[in-house]
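Below is one structure, written out as structure tokens, with a few remarks after it.
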Amino acid sequence: MPMYEYYCQECRTRFEQLRPLSAADTVAVCPTCQHPRVQRVISLVAAFARSSDAVAPTMLDMPATSSGGCCSGGSCSCSR
């Protein structure tokens, strides 16, 4: 069951609801003010993967690319 994120325009509260896919487009009610005037918002998603040694690589562990490999393609002042 997916988690949906909503924003209440009435009391400016941001909240989440666990809802079945079949109820994705039904009206959600704000848990703070009970107002039905809410908008579904885009949520960020985090994904994690394990390598063969059970340690997930970080951005610092990634090899440099031919364009510099740093932030902004090598045009930053990081110490890589």
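Any residue in the range 15-22 that is on the phi > 0 side of the Ramachandran plot, among the small types (G, A, S) and either modelled with pLDDT under 70 or surrounded by fewer than 10 Cβ atoms within 10 Å (Cβ to Cβ) (or both)? Scanning the range 15-22, I find no residue that is on the phi > 0 side of the Ramachandran plot, among the small types (G, A, S) and either modelled with pLDDT under 70 or surrounded by fewer than 10 Cβ atoms within 10 Å (Cβ to Cβ) (or both), so the answer is no.
Screening the candidates T32, T26 for the property of being part of a loop (DSSP other than H, G, I, E, B), modelled with pLDDT of 70 or more, touching a strand residue (DSSP E or B) at 6+ places or on another chain (Cβ under 8 Å) and of a type outside the set (A, V, I, L, M, F, W, C) yields one hit, T32. Could you tell me whether the range 1-10 includes any residue that is among the charged types (D, E, K, R) and either exposed (fewer than 10 other Cβ atoms within 10 Å of the Cβ) or at pLDDT 90 or above (or both)? Within the range 1-10, one or more residues are among the charged types (D, E, K, R) and either exposed (fewer than 10 other Cβ atoms within 10 Å of the Cβ) or at pLDDT 90 or above (or both).
The values are calculated or read from the model by the stated rules, or taken from the named source; none is laboratory data. Everything numeric here is computed off the predicted structure, so don't read it as measured data. For neighbour counting, all protein chains shown are included, and Cβ atoms are generated from backbone atoms with ideal geometry for every residue, glycine included.
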